[in-house]
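This report refers to the structure that appears directly beneath it.
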Amino acid sequence: MGEQEYGQPAAPPGAASEDRGDPTTQQMRTIGQRRREAERKLDLHLEEASHKGEPSATEGEDHPEG
């Protein structure tokens, strides 16, 4: 009951056939673009974080601590 042939669940009424199966070429391009953007953003954040841990030229190196 409620299942089609071969044990697959029935699609809800009005469901688009695009929602099933392999992604389209355009969807794959979009996924790739989003992934590249996310990787760039991550690299930027990692670079900024690594620079935060480094003392700058004006911090503590040439100043006597008393």
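None of the figures in this text is laboratory data; all of them are computed from the coordinates on show. Remember, predicted model here, so these are calculated numbers, not experimental data.
Extension gain, Lys41 to Thr24, is 3.5 nm, computed as 0.36 nm per intervening residue step minus the present C-alpha separation. In order along segment 21-30, phi translates into HN-Hα couplings of x, 6, x, 6, 4, 5, 5, 5, 5, 4 Hz, rounded to whole numbers, per the Karplus curve 6.51 cos²θ - 1.76 cosθ + 1.60 with θ = phi - 60° and x for Gly and Pro.
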